[in-house]
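Notes for the one structure printed next.
The values are calculated or read from the model by the stated rules, or taken from the named source; none is laboratory data. Values in this document were obtained by computation on a predicted structure and should not be read as measured data. FYI the Cβ positions are ideal-geometry reconstructions off the backbone, even for glycines, and counts take in every protein chain you see. When the accessible area is computed, the model is the full protein with side chains, heavy atoms only, and any ligands, DNA or RNA have been set aside. Shrake-Rupley method; radii C 1.70, N 1.55, O 1.52, S 1.80 Å.
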There are 4 protein chains.
Amino acid sequence: MLRRRVHRLLEVAADGDRLSRAVDLGLVLLILANVTAVVLDSVPRIHARYGDAFGAFETFSLVVFGLEYALRLWSCPENPRFADPVRGRLRCARQPMMLIDLLSVLPGLLTMQALDLRMLRAVRLLRLLRLLKLTRYSSSLQTFGRILRSKAPELVSTLVVMLLLLVMASSLMFVLENDANPAFDSIPTAMWWGIATFTTVGYGDITPITPAGRLLGGMVAILGIAMFAIPAGVLGAAFVEEQQRRRGRRDDRT
Amino acid sequence: MLRRRVHRLLEVAADGDRLSRAVDLGLVLLILANVTAVVLDSVPRIHARYGDAFGAFETFSLVVFGLEYALRLWSCPENPRFADPVRGRLRCARQPMMLIDLLSVLPGLLTMQALDLRMLRAVRLLRLLRLLKLTRYSSSLQTFGRILRSKAPELVSTLVVMLLLLVMASSLMFVLENDANPAFDSIPTAMWWGIATFTTVGYGDITPITPAGRLLGGMVAILGIAMFAIPAGVLGAAFVEEQQRRRGRRDDRT
Amino acid sequence: MLRRRVHRLLEVAADGDRLSRAVDLGLVLLILANVTAVVLDSVPRIHARYGDAFGAFETFSLVVFGLEYALRLWSCPENPRFADPVRGRLRCARQPMMLIDLLSVLPGLLTMQALDLRMLRAVRLLRLLRLLKLTRYSSSLQTFGRILRSKAPELVSTLVVMLLLLVMASSLMFVLENDANPAFDSIPTAMWWGIATFTTVGYGDITPITPAGRLLGGMVAILGIAMFAIPAGVLGAAFVEEQQRRRGRRDDRT
Amino acid sequence: MLRRRVHRLLEVAADGDRLSRAVDLGLVLLILANVTAVVLDSVPRIHARYGDAFGAFETFSLVVFGLEYALRLWSCPENPRFADPVRGRLRCARQPMMLIDLLSVLPGLLTMQALDLRMLRAVRLLRLLRLLKLTRYSSSLQTFGRILRSKAPELVSTLVVMLLLLVMASSLMFVLENDANPAFDSIPTAMWWGIATFTTVGYGDITPITPAGRLLGGMVAILGIAMFAIPAGVLGAAFVEEQQRRRGRRDDRT
């Protein structure tokens, strides 16, 4: 009886009662507060002043998220798919969301032991995976996911062609600029210029200076427009199709 | 009788007479001239030479806009929704547009008293809210507003996913670059880099220099393309739907 | 008889004979060669070496384009719309394309007299207007023109909203950054930053450095995505409509 | 019999047996490994340490690709279109893909002889053309190719208008900035600024500093949005049409 109550509280249900929604909201807010703490704690001046408070908040969050994970695992068998007390729970724990939950708690537990400070920072970062849990609370993202999956071949093809053009353009740029411009000292460096130009980011930390290099750079920048226009066109068509399918279904009902 | 005449003059009506249109146009031009004055007055050299003229123009505008606000409030009860002399006027004054009108006059009145110069500058800025009044004169923006509202869930989802990826990518970039690159001194700084890269703005004031950082930077830049393509696709589909609905209505009439 | 022959030669006609097409092609090539000469002649080193040759080519082009303009004007009355020898020719000369033709010849004639060198450069630039004549030879641009005109209200609205947001964001940025950042010394300077950010160009010559300024900068950059997505959506819908209208016409014929 | 077996092995066939697919996969992986080697070998530090290994790998790849080319040419007559032992093979060798295969092997053979090191680098680059062979293995790119070809007039028109505006805007910018800003020393240099602004790349290595120049720069940046929105709209409409044609065909079958 209690296990079923806990299960219902933790699962996001459209027909959830008030308490269940309060638990959901509380967890979302705690995750957001946690991420904010990680971000702010990275500023040296803030860490010097409020480092202890952030540490205490970290311990508190750890207890809450740890408890949440334990309760989720304990109440798993309420879901008919994971009915078996042992095997069901194991399969339940292997779900992507449960793995993320575990990963977001584990590093915190590890940091309680003495560890190199640098490592700590890298490990603590994994806590940000908690943010991914927010998707558990969002349902409109599923349409996006479906559309992106259905257009995966086209999007991947665009990406492959883009990477192919990137390697070719960057290598050519390396040959054109290498002698006159010390900034282009290797093809990987030229590829850093290339990706910034193809995506029209254009940092400007590395730019061609020879006429031939600038001509090639201009052509790469124009090709970059196509790299935007093609996915925009593919996704636009996909969203139009989605709309027409929905309306078609509505028309069938009438 | 006079109140009705004033009400009609100030309201934007498609069947307005010549005088009403002249009043509308005059107000729009005065608002534009006012904003231009604020912008130009901020240039030190121009302020030194024409500061007094701008001040006089400011006082003149203040009187006109103050009068306009008073007349609008006085003639409010002509609108059946605000018929009651007191309560109607209060509800009328609570309309968003009336609040903006009030806000654009109040700071001007306040600056007539002695105030810290720095504050003055910040307060004077609110006058730019007068620009928003221009929307009162534009009707084609309403279609945009409707489409943006109808697609709000999709657009907000894109924004949330973008912010989520931004926090994760920036934190990872901080860990990768922090030791080798003094520019990445905290996660908030890394997020400034991240937002410039995700939106493909690419200022170039902070850029990664390690191979791992540049690899991550390239991936963020490519993801930035998706952040453009998805809203473009969503809005494209919405505009197509809008067209088909309009045409459908036209077909029904025939 | 000769006048009709000349008129046909100079007009772009789908059923033009071989000679007419050769004349068209020759003029296009001469325009392109001319523009290339202007561009190259602006490079100091090239001007020092080939300045005389470019000058001679300029004189030659001037004679050809002058002759072309004179012949066009002379043969105008062949077009029934401009039948009257005097009034017809005057109305013919007032057509936009004829004005551009005249403008591209006039400055050349003027430069034959002694003039300040600096002025010369600015005046000579008008010759580039000859490039616009190329549109006389392109027919697929008309569809674009029609679509852009039919969507003008939406595109202008987007532009107006963008300019409004630009002024407000730049003024706010000026207030936020002015004290800490000497780069933001006036609202016009802040607007230069703002336009570079809104359009996601992101030169990086002026960037905010305070936390509040960077927060605002990030929001402006994200709004910049919308400034791309809305026109892309509007135009996408317009092109879809154009296609469906064309197909509808084809279906009606069957 | 053996020739037919070889022909089938090398051709990409949907109904290929296991060995044929293994050969395809092996070649793709070898091409990718080769490109990676070229890229890494350009880094001076890596070349100093692993240059010999890369050289050996280059020789090995050369033998494999050379063998592949020879076998392809030998087995050509199995294709009925190239049945003639001599003329058929010649026509087979003139296919674009076979020319690329030959080009990707030839420079390698040439580098075995003594050549200037600089030349070597440029020539070796052609090996990257091997990457294009990957398209032999991708079929979803054909839809893209067809759509891009069917919309070629619109896309080329956009490009022509963009180049025309680029030349005009850059020349005008040169006149506006030349005296105050040494960075704008010629129209070609101004065009380098112009292309970076039109495509919203915005390196920031050359930026206008005069008020008039910045005003023009802002207008060019806004026009740059149109340069994105138009191809995105054209391609979006094309992809929508493609979908409707496919669905139409499906409906006809039912």
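Counting partner chain Cβ atoms within 10 Å of every residue's Cβ in B:186-197, what's the average?
6
For the pair residue C:142 and residue C:48, the difference between a 0.36 nm per residue extended length and the Cα-Cα distance amounts to 29.6 nm. Between copies, the label points at residue B:91 (set 7 angstrom from Cα along Cα-to-Cβ) are spaced 6.0, 6.0, 8.5 nm, reported in nanometres from shortest to longest.
Using only Cα atoms, figure out Rg for the stretch D:168-239 and give it as a multiple of 2.2 N^0.38 Å.
1.22
Charged neighbours of residue D:45, selected by a Cβ distance under 15 Å, balance to -2 (K, R count +1; D, E count -1).
Annotation: peptides B:20-31, B:66-77, D:162-173, D:198-209, ranked by per-residue average of other Cβ atoms within 10 Å with the highest first, follow the order D:198-209, D:162-173, B:66-77, B:20-31. Taking only protein heavy atoms and a 1.4 Å probe, the accessible area of the stretch D:1-64 is 64% carbon and sulfur. For residue A:45, the label point sits 7 Å beyond Cα toward Cβ; its separations from the matching points on the remaining copies run 3.4, 3.4, 4.8 nm, from shortest to longest. Across the alpha-carbon set of the stretch D:197-243, the Rg to Rh ratio works out to 1.22, Rh being the Kirkwood radius.
Chain pair A, D: how much accessible area is buried, both chains summed, with a 1.4 Å probe, in Å² to 100? Summing both sides, the interface buries roughly 3600 Å².
Tell me, rounded to the nearest percent, the portion of alpha carbon pairs in the stretch A:12-88 spaced more than 18 Å apart. Value for the stretch A:12-88: 57 percent of Cα pairs lie more than 18 Å apart. Comparing A:39, A:86, A:9 along the charge dipole axis of the stretch A:1-100, the residue lying farthest to the positive side is A:86, per the Cβ-charge model. Across the copies of the chain, residue B:149 has label points (7 Å from Cα along Cα→Cβ) spaced 3.4, 3.4, 4.8 nm apart, shortest distance listed first. The aspartates and glutamates within cross-link reach of residue B:151, meaning a Cα-to-Cα straight distance under 20 Å and a gap of 8 or more places when in the same chain, are A:241, A:242, B:241, B:242, C:154.
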